[in-house]
Each structure stands twice: as structure tokens, then as C-alpha cells.
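**Student:** First the structure, then my questions, so here it is.
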Amino acid sequence: MIVIAALSGCAGQRYQTVYRYEAPTDAAGRACLARCEPKLAACQTDCQGKYQVCLKAIEPTVEARYSDALKRYEAELERYRHELDFYQLRSSLGWGYHLGYGPWPYYYTPWPDPYYFAPTPPDKPSRDKLFKQVRQEKCENDCGCQPIYDACFLTCGGKKVPEVQCIAHCPKDK
């Protein structure tokens, strides 16, 4: 009970700052803001286009890495098969079991029997995992459109109001 109480005390509340946008109320500010939104849309469209070009460009890299990973997997699989055969041979001959120390009913050994454990099979490579890894390395998804929009929004008289919100282990609303 003490351990549970101590661990529950470690789970503190977590907060995150989010921003609320308040548009300008005057006509000039709204007209200015109307010019900001097409700039944001154009930036995001350009960013998505570059991102799609990048995704197509990394295909050869992904295929090369996947081919190399499959070759390594085949080698590891062959080594696994050899180790498994050797493990089965040792098990069938009774190797790896302690005979114990002292007279027969009274022996003690600190090692588990058998002390040769079965080998673990290798993990098969996943093309999707490799694609995600290369995509994270090579392709930028954030083009910096939001700071440009924020600057335009604030120039037009809008307000960016920070708010702190609880995101984990939040108290229940009353």
C-alpha cells in the first residue's frame, strides 16, 4: 500500500501552453487579415508539394536500405537456424543440466536447468518502418508557415493569447 501511495504521488499534473487567436474587430484589420490567409494557404500548398516530391525522391533510398536489411535478416536467420540445431542437439543429449553436488537427494545448484537457453529468432525487417525512418531523416514536414501567419496576424491587429491547459492527470471539473 505504501508503494502504491508513493508512486501515485509521482503522477503529477502536466500542462501545455496553447494559443487562442483573437481576430481584429475593425474593418481595416479584417481586410488586412483577409490578405494573410491566402499567404498561409499558399505556403502550406507549396510545403505539401515539396513534401510529396521528397517522398518520391526517397523511394530508391528506402528500397536500397530494405534490400540490405533483408540480406542481413537472411544471414541472421541462417545463424539462428544453426544455433537452434545446436541447441536441440545439446538438449537431446542432456547437455546443460547440472548433476548437482553431494549425495543424490541433497544437492543444490544456483543455476536454472538447462543453462543453455533457446536462441531467439531475428526480427524480420519492415519496409514501412524503414520508410518512416528515412522520411523523418530526409523530408521536412514543417515549412515554417505558422510563424509567418502569426506575424501577419499580429501586424493586422490580432491578438495571440497564451493559455495554459492541463494535458495529463488533470483534476476533475466540479
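Nothing in this text is a laboratory measurement; each read-out follows from the coordinates by a stated rule. These numbers were taken from a predicted model, which means no experiment stands behind them. So basically every Cβ, Gly included, is an ideal-geometry build from the backbone, and we count neighbours across all protein chains shown.
**Student:** To make sure I understand the rule: partners must be lysines, Cα under 26 Å from the Cα of Lys50, and not fewer than 8 residues away in the same chain. Which ones qualify?
**Tutor:** Lys39, Lys129, Lys132, Lys138
**Student:** On to the next question. Please give the direction-averaged projected area of the C-alpha convex hull for the range 30-83, in square nanometres with one decimal. Write out the running numbers ahead of the final one.
**Tutor:** Values: hull surface 22.4 nm².
Across all orientations, the range 30-83 yields a mean hull projection of 5.6 nm².
**Student:** Further, regarding this structure: Check the straight Cα-Cα distances from Lys159 and name the aspartates and glutamates below 12 Å, setting aside those fewer than 8 residues away within the same chain.
**Tutor:** Within the straight-line limit of under 12 Å, Lys159 reaches these aspartates and glutamates: Glu22, Asp150.
**Student:** What's the local net charge at Leu33, with K and R +1, D and E -1, over the other residues with C-beta under 15 Å away?
**Tutor:** +1
**Student:** Simple spin-label model, 7 Å along Cα-to-Cβ: Thr120 to Ser91 in nm?
**Tutor:** 1.7 nm
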